1. Nearest 5 percent is fine: what portion of the DSSP beta bridges confined to the chain is antiparallel?
2. To test your reading of the geometry: what angle, between 0 and 90 degrees and rounded to tens, separates the Cα axis of helix 217-229 from the longest principal axis of the chain?
3. Order by neighbour count: 414, 130, fewest other Cβ atoms within 10 Å first, most last.
4. List the lysines whose Cα sits under 25 Å from the Cα of residue 84, skipping any in the same chain fewer than 8 residues away.
5. For region 216-231 and region 238-263, write down the distance between their C-alpha centroids in whole Å.
6. Any idea what angle helix 454-466 forms with the longest principal axis of the chain, computed on alpha-carbon atoms, 0 to 90 degrees, nearest 10?
7. Throw me the Rg/Rh for the chain, computed over C-alpha atoms with Kirkwood Rh, two decimals.
8. If you average the C-alpha positions of region 62-86 and of region 141-195 separately, how far apart do those two centres end up, in angstrom?
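Bear in mind that the values in this text are calculations on the coordinates, not laboratory data. None of the values given here were measured: they were computed from a predicted structure. Ideal geometry is used to build each Cβ from the backbone, glycine not excepted, and the neighbour counts take in all protein chains shown.
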Amino acid sequence: MLRRIVHRFARDRKANVAIIFALMLVPIIFLLGMALDYTLALRKQEQLNAAADAAAIAAVRPAMLTQSDDSVVQATAAAVFAAKANLPGLSTVPTPTINVTDSGLSRTITVAYTAQSINNFPGVLGKGTWQISGSATAKASSAPNMNFYMLLDDSPSMALAATQTDINNMIAATKNQPSYAANCAFACHEANPNNKAPSSSNKDNLTVARANNITLRIDLVQNAVTQLLVGPWTCPQSGTSGGVMQCMSAINNTTYKAAIYTFDYNLNTIQTLTTPSTAGTKISNISLLTVDHQNCPVVDSKGACTYTTDFGTDISGGLTSINNLMPAPGTGTNQQGDTPQEVIFLVTDGVDDKLIPKAGGSCDPNATYALPSANSTYLRCQQPLDTTVCTTIKNRGIRIAILYTEYLQLSDSWYQSRISQFNNPSSSTGTIAQRLQSCASPGLFADVQNGGDISTALTNLFIKVASSTASLVQ
């Protein structure tokens, strides 16, 4: 009987669910408690990761990149982290480990932390906190201190009227000029027009242009340099006044200096290297090359023509001369003994129009021969820039930024026979443009067509040279 009852009890399956549930309740509670505490810990970790990101980025801002004291950089990052890491549910506000690594102008910041997230079910896990950790790495290159050498074309080609409207007005204004200067879009500056003393009835085309308020390319170049060095320029840095250079200097916490030179058949000093504001006071001295009269740029002490052909653009000569003036560039840091980076800003239409010796001189093989004779010793050579000098300069570590004021495609016979082969299929794509692009340092070439905004083009080119960035690596 008893044996039968025991066997029946053993075979009975009623109410087993309650027993199984009772047996499983402990692991279920354990898993739920662990999942809740783990989820809360992950949420805190995400928030602390964001704090580490903010701290790392704060330590590579432009203002901090000029700071050479690592303890100051670390304190800044620590303060940003602490402000964002004071979270509920942590046993204490974690103290980050901050490493600063500098290499020249480059700085890498790593912010790492370890924290303890308080568990809501400490008995379940057998401990009161859950450890979480993370890190962030940011890297940036500070904007370097730089010296800018403005090398501006002041040759007769920069006397071209600035826009098509100006060209039309210039042609109309010169209709009564002597035949050599009549119906001309260029405002060349002659000391003795028509080989005579200037007078009310004997004016050079520059005088005509000024009397009729016609804007020339040289005027646009002057305006562009004014925007760089003087302004006005809207700067996001409160309290900063002046031009683009002063603004970018304030934004990047750098020191910029500027020099102004013009070139024709010589290099002309407008202002040696100085502050942008001081250089800006000399902008009015940027002016066109003065020649004696047409086909007689230079005369001797007796007033006789030294050369009997027009010329006046030696780009390679200007680059060579300014290269001889420039010191070896540094890296541009504020470290003791370091010196600024060196940059040439060349503004030109890209065509050499210069003299070469009859014996041993060389001109581009695609130039139109025979070359015009200047006197018994020299020939006139018109050609795109020979980039040999550019390579020499760049090999010194000096960067070259070029603004190409595109050479206008003309219909006159001289252009068609002497220049057009270098300026086709267009002024943007021909040999002239290609040589200038090759001369410029990577990424530092810009061009502007006749009537284009030279001020904006030069400003954008400068900002490209001067800009720096910070990035979150991890």
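1. Details: 43 of 70 bridges.
Counting DSSP beta bridges with both partners in the chain, the antiparallel share is about 60 percent.
2. Orientation of helix 217-229: about 40 degrees from the principal axis.
3. Listing 414, 130 from fewest to most nearby Cβ atoms yields 414, 130.
4. 44, 139
5. 15 Å
6. 50 degrees
7. The Rg/Rh ratio comes out at 1.32.
8. 53 Å
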